[in-house]
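Worksheet for the structure shown next.
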Amino acid sequence: MTLIKSISGIRGTIGGKSGEGLSPLDIVKFTAAFGTWITEGSDKQRISMVVGRDARISGEMVNHLVNGTLIALGIDVVNIGMATTPTVELAVQAENADGGIILTASHNPGQWNALKLLNNEGEFITAGDGVEVMELADKEKFEFSQADQLGKITTNNFTDFHIDKVLKLELVDTKSIRNAGLKIVVDCVNSVGGIVIPELLKALGVKEVVELYCSPTGIFPHYPEPAPENLTAISEKVNNTGSDLGFAVDPDVDRLAIIDENGMMFGEEYTLVAVADYILNHKKGNTVSNLSSSMALKDITEQYGGEYFASAVGEVNVVKVMKEQNAVIGGEGNGGVIYPDLHYGRDALVGIGLFLSHLAKSGKSCSSLKALYPDYHILKRKIQLTPEINIDKLFEDLGSDYKEFPMNFVDGVRIDFPNGWVHLRKSNTEPIIRIIAEGKTVEDARKLSDILMNRIDI
């Protein structure tokens, strides 16, 4: 069993002993800690929080525990049911709530679940805030409300609200999308994307939507991360149906992968690159992505006269740098698009709206659009993290051995070589080490990746 506490929330496997996974006792403890932290940081007499979840089979159980704990603290809950992560973020803003909890383990397999914690702006709490919440959880000294002061639960649905917000964006061009007469396949991995993505596409003016795994049963038909090796079914579906492209999302719909008309991967790194190209063509400014993202975004940004900035991995880190640098677009190379004109959160819905506007207005096929961008090759590998691996010592050794090359130690270690870069870091979401390398050729990326793979004692 596994329990991980990081800037990506409290994430763990369901079942087993308390403290070793995300057991009911752990769910109550961390929810109580977060609710207490929110309450102590407010001078309001009545606190409210938004709670939403993905379609995981453990979601209903976790939802009951979270809602019950919050009202026991005297907090009013707006329960929005099954909803995407970005929908919950927008709901916090719309409800003027004091915070929010999203019940989702994102791309992790079905036996996982998590509590993702939001502040009153509908954004993930910072690492410093997270430390304070964890300290409260460790103390386990919570004060619950008397019977006549318990919170209340109300229900609401923000799916249509979210779609409407995307449609009203100035750069989302529904007329061009409608005139393009597009046929699109969607793979929603049997989670909450099935509730919203087909409806969004119809509202945008897509001529025909072919649904694949769009029943929100929570039973994932393939590994839920929208990576190429998991998207063979949608690739075949695009080919077999003669569709113009395909979209695949993860269980909580903050990541977007694109498949071209030939059933080939557009590349999750290039979701953000293509959207940034479109935004920068209409709005000059800076961009941000994390250290594990493609250098193609830097190239595109500089073509438009803007400046590119890199952050540590994690949405909250990207958002922080975006605000500091007044970025007009940003995100992560895993298909996460953050568009400040809507909100500061990774959002596959806004990614779809902007990408389709770009594609339709260009008059190009999906593959022809991709051909416009720098041709880099990225390789993502991972190794199980074990007690035998001294990762801090590895960082130190690499810093010494490759000191002649530019390095960044903000998040693990990234080394920039003349023919590409390689980044090694501990995952925020799984008990693994991630090794990401990018080069001008596939061979360059593999050789750079091997540099670190060969240094790890496994």
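The values are calculated or read from the model by the stated rules, or taken from the named source; none is laboratory data. None of the values given here were measured: they were computed from a predicted structure. In this analysis, Cβ positions are derived from the backbone assuming ideal geometry, glycine residues included, and neighbour counts consider all displayed protein chains.
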Next item on the list: Could you please give the count of residues in the stretch 175-193 that are without any contact (Cβ under 8 Å) to a residue 60 or more places away in the chain and either outside the structural domain of ASP252 (by TED's automatic domain parsing) or part of a helix (DSSP H, G or I) (or both)?
Entry: 2
Check: When the stretch 115-139 is examined, which residues are found to be within 17 Å of MET49 (Cα to Cα) and not in a helix (DSSP H, G or I)?
Finding: LEU115, LYS116, LEU117, LEU118, ASN119, ASN120, GLU121, GLY122, GLU123, PHE124, ILE125
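Answer yes if at least one residue in the stretch 400-419 is over 21 Å from the mean Cα position of the chain (by Cα), among the small types (Gly, Ala, Ser) and closer than 16 Å to LEU291 by Cβ, and no otherwise. Give the derivation first.
Start the filter on the stretch 400-419 by keeping residues that are over 21 Å from the mean Cα position of the chain (by Cα), which leaves 400-409, 413-419.
Subsequent filtering for residues that are among the small types (Gly, Ala, Ser) retains 400.
Then keep just the ones that are closer than 16 Å to LEU291 by Cβ; that gives none.
No, because not a single residue in the stretch 400-419 is over 21 Å from the mean Cα position of the chain (by Cα), among the small types (Gly, Ala, Ser) and closer than 16 Å to LEU291 by Cβ.
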Note to self: For the stretch 307-326, give me each residue that is crowded, with 18+ Cβ neighbours inside 10 Å, part of a loop (DSSP other than H, G, I, E, B) and modelled with pLDDT of 95 or more.
What the structure shows: GLN325
Check: Among (1) touching a strand residue (DSSP E or B) at 6+ places or on another chain (Cβ under 8 Å); (2) basic (Lys, Arg); (3) surrounded by fewer than 24 Cβ atoms within 10 Å (Cβ to Cβ), where does LYS44 come up short?
Finding: (1)
Next item on the list: For LYS284, indicate whether it is over 17 Å from the mean Cα position of the chain (by Cα), free of Cβ contacts under 8 Å to residues at least 60 places away in the same chain and part of a loop (DSSP other than H, G, I, E, B).
Entry: yes
Check: Restricting attention to the stretch 66-79, which residues are more than 11 Å from ILE153 (Cβ to Cβ) and either part of a loop (DSSP other than H, G, I, E, B) or touching a residue at least 60 places away in the same chain (Cβ under 8 Å) (or both)?
Finding: ALA72, LEU73, GLY74
Next item on the list: Could you list all residues from the stretch 303-330 that are in contact (Cβ under 8 Å) with a residue 60 or more places away in the chain and either farther than 18 Å from GLY9 by Cα or small (Gly, Ala, Ser) (or both)?
Entry: ALA310, SER311, ALA312, GLY314
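In the stretch 368-408, which residues are part of a helix (DSSP H, G or I), within 30 Å of LEU182 (Cα to Cα) and either aromatic (Phe, Trp, Tyr) or in contact with a strand residue (DSSP E or B) (Cβ under 9 Å, 6 or more places away or on another chain) (or both)?
LYS370
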Check: Which one of ILE38, ILE57 is at pLDDT 95 or above, part of a helix (DSSP H, G or I), hydrophobic (A, V, I, L, M, F, W, C) and assigned by TED's automatic domain parsing to the domain that holds THR154?
Finding: ILE38
Item checked: Tally of residues being under 12 Å from the mean Cα position of the chain (by Cα), under 21 Å from VAL77 (Cβ atoms) and of a type in the set (S, T, N, Q) across the stretch 101-130 -> 1
Checklist line | Output for the stretch 279-306, where each listed residue is surrounded by fewer than 19 Cβ atoms within 10 Å (Cβ to Cβ) and touching a helix residue (DSSP H, G or I) at 6+ places or on another chain (Cβ under 7 Å) | finding: TYR304
Notebook entry, point to check: From ASN63, ASN108, which residue is in a helix (DSSP H, G or I), touching a residue at least 40 places away in the same chain (Cβ under 8 Å) and not aliphatic (A, V, I, L, M)?
Noted result: ASN63
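Go through the stretch 327-358 and report how many residues are among the charged types (D, E, K, R) and outside any strand (DSSP E or B).
The first filter runs over the stretch 327-358 and keeps only residues among the charged types (D, E, K, R), leaving 332, 341, 346-347.
Narrowing the set further to residues that are outside any strand (DSSP E or B) leaves 341, 347.
The qualifying residues number 2.
To keep it simple, each residue is scored yes or no on (1) hydrophobic (A, V, I, L, M, F, W, C); (2) under 24 Å from the mean Cα position of the chain (by Cα); (3) closer than 20 Å to GLU89 by Cα.
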{"site": "THR31", "(1), (2), (3)": "no, yes, yes"}
{"site": "GLY59", "(1), (2), (3)": "no, yes, yes"}
{"site": "GLY68", "(1), (2), (3)": "no, no, no"}
{"site": "ILE75", "(1), (2), (3)": "yes, no, yes"}
Item checked: Qualifying residue in the stretch 411-427 (condition: assigned by TED's automatic domain parsing to the domain that holds ALA276, touching a residue at least 12 places away in the same chain (Cβ under 8 Å) and of a type in the set (Phe, Trp, Tyr)) -> no
Item checked: Search result, residues across the stretch 388-406 that are closer than 24 Å to ALA127 by Cα and loosely packed, with under 15 Cβ neighbours inside 10 Å -> ASN390, ASP392, LYS393, GLU396
Check: What are the residues in the stretch 202-218 that are touching a residue at least 40 places away in the same chain (Cβ under 8 Å) and within 20 Å of the chain's Cα centre (by Cα), if any?
Finding: PRO216, GLY218
Next item on the list: Considering (1) assigned to a loop (DSSP other than H, G, I, E, B); (2) surrounded by fewer than 17 Cβ atoms within 10 Å (Cβ to Cβ); (3) out of contact with any helix residue (DSSP H, G or I) (no Cβ under 9 Å at 6 or more places or on another chain), say which one GLU225 fails and leave the rest.
Entry: (2)
